[in-house]
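Notes follow the structure.
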Amino acid sequence: MASKFKSSVEIDGYLSISSGNWIQVSDGTTAQRPGSPQVGMFRYNTTTFEFEGYFGAVPAWGAIGGGGGTVTEAFKTFAVSGQSSIVAAGPTDTLTVAAGTNVTLTTNAVTDTLTINSVAAGGVVTVQRDNYTGNGSTTAYGVSSTIDSENNIQVYLDGVYQDKDTFTASGTTVTFSTAPPSTTEIEIMHFVSVDGVVALDRFTGNGVIITFTTSLSITNENATQVYLDGVYQSKDNYGTTGNDVTFVTAPPNGVIVEIVHMKAVTASGLNVNNFTGTGTQTDFTLSTTVDDENLTFVFIQGVYQDKSTYSVSGTTLTFVTAPTNTYTIEVMVVTSITLTNATGDITEVIAGTGLTGGGTSGAVTLTNSAPNTDWQSTIQTSDFTAVAGEGYFVNTTSAKITITLPAGTVGNEVIVQDYAGTFDTNELFIASNGTEKIQSRTSDAKCISENATVSLVYQDATQGWTADNIIDNPAIATTDCLVVAGGGGASTGAGGAGGYRTGTLSITPATNITLTVGGGGAGANQYNGEATEGSDSVFDSITSTGGGGGNRQYYGATTNMSGGSGAGSGGYPPAIKGSGNIPSTTPSQGNDGETGVQSSGVYSGGGGGGAGAVGTAASGTTAGSGGIGATTTIISTSESSTYSVGEVSGAAVYFSGGGAGGSANDTAGYTPGTGGLGGGADTPASASQYGQNGTANTGGGASGATWLGYTASPYSGGAGGSGAVILRYPAANTLTKSAGLTGTMDIASGSEKIAVFTAGTGTIQFN
């Protein structure tokens, strides 16, 4: 006969058996385990929330059916925000989590879960903007960097979006099928390198409010697109600071303001879909699945469509109202970040770089293995040397800035951001430390893109530092130069020519180089005035001396007759001429002036020296002539005429000719002298006339005045001609100049370029 127990039985508090189809064993915390355990003991651990048994050897107490002992479980369930749960398929499964910036990781030891949430605040955006004005004829326009795909650019004419079939993109050039009309504002947006999310904020204007606050902070104005009732707004119409978008003029009352903020997108993930409306069709199938409506940009006939006019589900875009028949429809889709599960025994979650994790028995250990960028709070406003792993805000508003890169090891990173949006006007120059390459080249580099972010990563000795948004900055081996000083003024004696010097200099790019163009000396009353010498011209280490000032008719020599070329003397004894090549240079920068003479009541002035020959002395009643100037091949005859420098004679260009002497007399007879080729002035053809000026931008000397009579002369000699500085340099380089200099730069001349400076003082830079 079978025995029958009561509905429940409890034995010594260790075992409970119930008629309700369960059995309860002893439970307690880990600390409450028996002090003298026996092999085979079985209990429930309320600390670890699992059944456990005593094995009698290491590990002694171990989990039964849930960890410990010889049974292992890599992980249980991991919840990924916006995705299906990831569940371990076996005891050897592992989990790798790559998270990076703006991904939050949360673990819970009780439930053994890892939660990954993407935070919408991150991502470095590189979106370039190029602006032009149409002229009705130009079809091709350049952009700041190479275009990898036509999908990566958006083009607007006067705020109207242009379909991709209206233009082509190749390299750094966008070519329109039809030239944009004259005065049309052209804006080309180029998504070069972007990483993260796209945000959308919608407002309604009231005609008063000019500032609208977005949901995310804006670090780059180029990464925004603003539309008023679907009409694209040029960047000139608003500015951004932090979360604020501020319009120049308040949007009118009732206007829909839509601000698209590309906080992070992947340029390679830009997809374009083109359709044609039928007047009845509302649904259109896209080439890729859309996770977020904010990641779409829809244009009908070039007009942006508010998000309220359509919806997206999977690969289907549905309009509220069917687009008009034959209207063009262009849909741009930005691929979003996705978290996916790998198949097989290993489950992998990818959400960036930098964090890895894994473990057993439900435990998760996370290790940050990626280097974090240490952003410097001090704004860089002058040249500096970077440190690996640091980020810098660089302000080039006042001047160009050079950053010198450190010695690199694999994976080192240096990041630079355009603080004031001025890299396009004052470039950021990037120099190596003298041993390592930049973009696989030994030459330095530069960034000329407004609002650019330059992320430099060191790869190896072959590639060196590599980055987007930079271009090569070739060094200049040699630059030929002609430096001509201002010519001397005249009295009776002629003015000497300005010094004439040439040279070939090695130039360091992005270095300020001093440049001065000397003016001509002033003329003086021939009776008792003192003419002045011309001013010096300077280019870097080369200085040409101004020409000497001509001697007066009476009372001896003046103190400023010597210079680049010497001045001529007056006719009254003692007749003292000026010396050339003062100070001495090799080769000589000029020649002596010559003496005047008194004869038959005529006082004739001597000629001024020129760069090519001495002046001629006066003879009898004939005034002295100016010495000939020197010829040059640094500039052609046609270029000389175009830019009004030098004097063209035949097939040659002359500079620094001496002036002709003047004449004072009590009789009617005298013979004028001739100015030297290279801008030297001739003696006036008739009596009682002011002297003539040397030709501007030649360094030519002035001529003396002519006078008939004994009373104090009212006539003055002429002024010397101003000088010039002319450079010839490699076509690969460009020049910039500071304020205060007058000149024309980057003139194509054969296989090279020339620059012609005609006035002022300041600095130039070769880039």
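Each value in this text was obtained by applying a stated rule to the coordinates, not by laboratory testing. Given the structure is predicted, the values throughout are model-derived calculations rather than measurements. Reconstructed Cβ throughout: ideal geometry from the backbone, glycine too, with neighbour counts over all protein chains shown.
Some notes on this structure:
- All Cα-Cα separations within the stretch 126-193 were binned at 5 Å from zero, giving a P(r) of 4, 18, 34, 27, 13, 3, 0, each value a whole percent of the pairs.
- Viscosity 0.890 mPa s, temperature 25 °C, Stokes-Einstein D of the stretch 374-473 from Kirkwood C-alpha radius, µm²/s: 188 µm²/s
- Ratio of Rg to Rh over the stretch 269-335 (Cα coordinates, Kirkwood Rh, two decimals): 0.92
- When the alpha carbon gyration tensor of the stretch 632-751 is reduced to an equivalent ellipsoid, the three semi-axes, largest first, read 38, 15, 8 Å.
- Electrostatic dipole magnitude of the stretch 628-767 [Cβ: Lys, Arg +1; Asp, Glu -1; Cα centre; debye, to 20]: 260 debye
- The distance separating the Cα centre of the stretch 720-759 from that of the stretch 450-514 comes to 10 Å.
- By other beta-carbon atoms within 10 Å, ranking R441, R129 with the fewest at the front produces R441, R129.
- Environment charge at S579 (Cβ cut-off 14 Å; Lys +1, Arg +1, Asp -1, Glu -1): -2
- Averaged over residues, the count of other Cβ atoms within 10 Å places the peptides 226-238, 311-323, 675-687 in the sequence 675-687, 226-238, 311-323, highest first.
- Placed amide H near T632: partners under 5 Å, 5+ positions off or other chain: V653
- Placing +1 on the Cβ of every Lys and Arg and -1 on the Cβ of every Asp and Glu, with no other charges, gives the stretch 374-473 a dipole of roughly 160 debye about its Cα centre.
- Max-minus-min Cα coordinates of the stretch 404-540 on each principal axis give 80, 32, 18 Å, with the largest extent listed first.
- Protection proxy ranking of 626-635, 486-495, 430-439, 173-182 - average other beta-carbon atoms within 10 Å, highest first: 486-495, 626-635, 430-439, 173-182
- Our estimate of slack between T246 and Y327, defined as 0.36 nm per intervening residue step minus the Cα-Cα distance, is 25.8 nm.
- Working note: Karplus 6.51/-1.76/1.60 with θ = phi - 60° gives the stretch 282-288 the couplings 10, 9, 10, 9, 8, 7, 9 Hz, where Gly and Pro are set to x.
- Summed side-chain charge close to I403 - residues other than I403 whose Cβ falls under 13 Å, Lys, Arg +1, Asp, Glu -1: -3
- Among V597, V538, V160, the ranking by other beta carbons within 10 Å of each residue's beta carbon, starting with the fewest, stands as V160, V538, V597.
- Residues W22, W707, sorted so that the one with the fewest Cβ neighbours within 10 Å comes first: W22, W707
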